[in-house]
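J.: Let me give you the structure first, and then I'll get to my questions.
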Amino acid sequence: MTRSLLKLSDLTKADIHAILNKADQLKFEQKNGIEHRVLAGKTLAMIFSKSSTRTRVSFEVGMFQLGGHALFLSANDLQIGRGEPVEDTARVMFRYVDGIMIRTFAQQEVEDLAVHSGLPVINGLTDYAHPCQTLADLMTIREHFAYLEGLNACYIGDGNNVCNSFVVGSILCDMNITVACPKGHEPHPDVLKWAGDKVKITHDPREAAENADVLYTDVWSSMGQESDARTRMEALSKYQINADLMKLASPDAIVQHCLPAHRGEEITADVFDAHSEAIFTEAENRLHAQKAVMAILMG
Ligand code: CP
Ligand code: NVA
């Protein structure tokens with residue numbers, strides 16, 4: 001296992017299964033009142049340059065349940081927001097805390113923080129990747145089907161951070177993955193290069209949904225892309241998970257959405273409601289999957 005969780009392509013299939021197994025165990029223990037204070041006395045710094053509900057709350061609650069402490073640090077209120085170099089921030093953090101979770105724009109910032117702090121660093125979302133989300137997604141899908149290998153997964157919509165990580169995670173877990181997106185909205189070139197012929201890219205959402213066991217989508221405009229929202233909406237309008245598309249999928253298919261969702265855009269309200277149990281379990285599993293990551297990296 002790597003020292004940090006910066007992006008999923010740094011992990012092996014065995015690493016991912018080790019995290020998922022630990023997550024299942026911690027979920028069971030939490031539900032059954034079995035304490036697991038394996039990070040007693042440890043502190044996680046959580047640096048946020050973007051908004052968050054799930055990531056912030058699940059990391060903070062997770063750290064508490066593991067017996068440790070989490071510090072919420074808005075980048076705006078840190079000197080980093082006034083130009084203090086990441087390198088110096090990292091070196092200071094090393095003197096105070098045992099791990100860092102960061103949500104920011106540039107993937108390079110997360111990678112630099114890991115190099116200069118020498119601490120376990122967890123990527124809580126960048127423009128490039130959202131590895132914690134994919135771990136929770138894989139956990140949810142595995143809970144539902146009891147296995148991952150050979151499942152047909154598709155991602156419909158913008159080839160963004162969530163898509164990038166989901167493609168890598170699906171391939172590492174031997175799922176068949178198809179992405180349906182408009183031209184110019186494909187996953188990141190590095191992901192396409194890493195994936196090679198293991199990812200199928202189509203511009204036809206119906207082709208992707210055909211016989212799918214898992215249908216995944218995310219917002220058309222990610223944080224930081226608000227000014228382009230109108231153009232993006234036009235480009236992506238056909239890439240919606242709706243009742244027509246669901247008819248093509250496997251009869252026991254599940255829908256996943258990282259949330260927040262925009263009903264009537266990337267997913268219709270009826271499909272969201274019909275699959276809300278799986279979607280909110282996915283949100284819950286952020287807690288268990290991230291506790292596993294922290295227990296493994298910081299324990
Ligand atoms: N899915 C997810 O990361 O949600 P938040 O932006 O609320 O953290
Ligand atoms: N792609 C979205 C995910 C939010 C959790 C974004 O980056 O805003």
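J.: What number of residues within region 227-274 are closer than 13 Å to Asp213 by Cα and not aliphatic (A, V, I, L, M)?
T.: Here the count works out to 5.
J.: Here is a list: Ser74, Ser170. Which entry is of a type in the set (Ser, Thr, Tyr) and either surrounded by 24 or more Cβ atoms within 10 Å (Cβ to Cβ) or touching a residue at least 40 places away in the same chain (Cβ under 8 Å) (or both)?
T.: Step by step, each of Ser74, Ser170 is checked, and only Ser170 is of a type in the set (Ser, Thr, Tyr) and either surrounded by 24 or more Cβ atoms within 10 Å (Cβ to Cβ) or touching a residue at least 40 places away in the same chain (Cβ under 8 Å) (or both).
J.: Return a yes/no flag: does region 45-58 have any residue that is over 28 Å from Gly169 (Cβ atoms) and either of a type outside the set (Val, Ile, Thr) or more than 16 Å from ligand 2 (Cβ to nearest atom) (or both).
T.: So far as region 45-58 goes, no, none of its residues is over 28 Å from Gly169 (Cβ atoms) and either of a type outside the set (Val, Ile, Thr) or more than 16 Å from ligand 2 (Cβ to nearest atom) (or both).
J.: If His188 satisfies every condition in (1) closer than 21 Å to His130 by Cα; (2) buried (at least 22 other Cβ atoms within 10 Å of the Cβ) but one, which is the exception?
T.: (2)
J.: A further question on this structure: Quick check on Phe72: is it more than 16 Å from ligand 2 (Cβ to nearest atom) and not in a loop (DSSP other than H, G, I, E, B)?
T.: Against the criterion (more than 16 Å from ligand 2 (Cβ to nearest atom) and not in a loop (DSSP other than H, G, I, E, B)), Phe72 qualifies.
J.: Given the criterion of a type in the set (Val, Ile, Thr) and in a helix (DSSP H, G or I), identify the matching residue among Val179, Val168.
T.: Val168
J.: Does Phe94 fit the bill of being at pLDDT 95 or above, outside any helix (DSSP H, G or I) and at negative phi?
T.: Judged against the criteria, Phe94 is not a match.
Listed here are the residues, each with its yes/no results for (1) touching an Asp or Glu at 6+ places or on another chain (Cβ under 6 Å); (2) surrounded by fewer than 16 Cβ atoms within 10 Å (Cβ to Cβ); (3) not in a helix (DSSP H, G or I).
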position	(1), (2), (3)
Lys22	no, no, no
Leu26	no, no, no
Glu35	no, yes, yes
Leu39	no, no, yes
Ser52	no, no, yes
Phe59	no, no, no
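J.: Name the single residue that is nearest to ligand 2 (Cβ to nearest atom) among those in region 190-223 being hydrophobic (A, V, I, L, M, F, W, C) and assigned to a loop (DSSP other than H, G, I, E, B).
T.: To start, the set of residues in region 190-223 that are hydrophobic (A, V, I, L, M, F, W, C) comprises 191-192, 194-195, 199, 201, 208-209, 212, 214-215, 219-220, 223.
Imposing the further condition that a residue be assigned to a loop (DSSP other than H, G, I, E, B) reduces the set to 212, 219-220, 223.
Working: Ala212: 20, Val219: 5, Trp220: 9, Met223: 4 Å.
The residue in question is Met223.
J.: Quick one: Met233 ticks every box in (1) within 16 Å of ligand 2 (Cβ to nearest atom); (2) surrounded by 18 or more Cβ atoms within 10 Å (Cβ to Cβ) except a single one, so which number is it?
T.: (2)
J.: Show the residue pairs that are 6+ apart or on different chains and have beta-carbon atoms under 9 Å apart, the first residue being within region 274-299 and surrounded by fewer than 24 Cβ atoms within 10 Å (Cβ to Cβ), the second being β-branched (Val, Ile, Thr) and modelled with pLDDT under 95.
T.: Leu297/Thr2
The values are calculated or read from the model by the stated rules, or taken from the named source; none is laboratory data. The structure displayed is predicted, hence computed values, not measured ones. Neighbour counts run over all protein chains shown; Cβ positions are idealised from the backbone, glycine included.
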